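Coordinate-derived values only; no laboratory data. Everything numeric in this text was worked out from a predicted model, so none of it was measured. Because the Cβ atoms are built from the backbone with ideal geometry, glycine has one as well, and the counts that use them run over all protein chains shown.
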Amino acid sequence: MANNEQPLRQAVQFLKLPCLPHEIVDQEMRRLQKMRIKGEIGDTVLFVTHPEIVTIGPRARKEGVEIPSSYASAPVDRGGSITWHGEGQIICYPIIEWKKAGEENVAVVIRKLEEWIISALESLGVNGRRDERMQGVWVGDNKVASIGLSFLHWTSRHGFTINYDTPLGRVEELSGCGLGQAITTSLSALGYEIGENDLHAALFSSISSIDRDASEMEHVADLASWMNNS
């Protein structure tokens, strides 16, 4: 391959998936992570939504955080506490090798992802920020984006969520990380009318915030088939 083609070969591939159960995507993420480590695929970002479920990280399990019985839940191996998933939320799972200069620890990667989200929101007219209370992205006094990662050979799995139009009360009822109820909410609850496609496009366009380039966004109905053909 010619040298002038190298940046395209290293660019991030975006895959837009349909709404899929968390357990299915979790299994396929593990396979993608191993494929990335072996060099069988390049850096890949998944956009997906899940039917309603609350994922519970190791810290929440250790602290005995209780999930209301009206929510389905599942344990996960990412950082962070509890995260709601469901309608009106985008999920971004970056299967990325973090070995560029300066990417020497998890805190740096978290800050890069926060900056990516903040840049995407800014392009949509939303002033996002960090908050010392908890990693993620906040708008005013409310948290709208959560981040939790898992690494193998410095390649990430899991990722982040952005709540844009979640059913009123479903996110707000949950209390994790000592934040209390009603701290985590959605952009629509804060008065912003932003859709799923808007956020996907904004994240795609602002990938340079994490020192990467984007190649293309592909709609994929069957991720397992896509992996088998890669």
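Would you work out if segment 9-224 is rounded, prolate or oblate? Take a ≥ b ≥ c from the square roots of the eigenvalues of the alpha-carbon gyration tensor; rounded if a/c is under 1.5, else prolate when a/b is larger than b/c, oblate otherwise.
rounded
Can you list the aspartates and glutamates whose alpha carbon is less than 19 Å from that of residue 112, not counting same-chain residues fewer than 8 positions off?
43, 97, 103, 104, 122, 131, 132, 211, 213
With springs only between Cα atoms under 10 Å apart, run a GNM on the chain and tell me which of 146, 208, 119 wobbles the most.
208
Which order do 144, 54 fall in if you start with the one that has the fewest other Cβ atoms within 10 Å?
Lowest to highest Cβ neighbour count: 54, 144.
For helix 22-38, report the angle its Cα long axis makes with the longest principal axis of the Cα atoms of the chain; keep it between 0 and 90° and round to the nearest 10°.
30 degrees
³J(HN,Hα) across segment 203-220 via Karplus (A = 6.51, B = -1.76, C = 1.60, θ = phi - 60°), whole Hz, x for Gly/Pro?
5, 4, 6, 10, 4, 4, 4, 10, 6, 10, 10, 9, 9, 7, 10, 10, 7, 10
Got the relative contact order for the chain handy, in percent, Cα pairs under 8 Å and 6 or more residues apart?
Normalised by residue count, the contact order of the chain is 25 percent.
Filter 62/100; 38/100; 100/143; 34/62 down to the pairs with a C-alpha to C-alpha distance above 26 Å, please.
Among 62/100; 38/100; 100/143; 34/62, the Cα-Cα distance tops 26 Å for 62/100; 100/143; 34/62.
Please determine, in degrees from 0 to 90 and to the nearest 10, the orientation of helix 106-123 with respect to the longest principal axis defined by the Cα atoms of the chain, where the helix direction is its Cα long axis.
80 degrees
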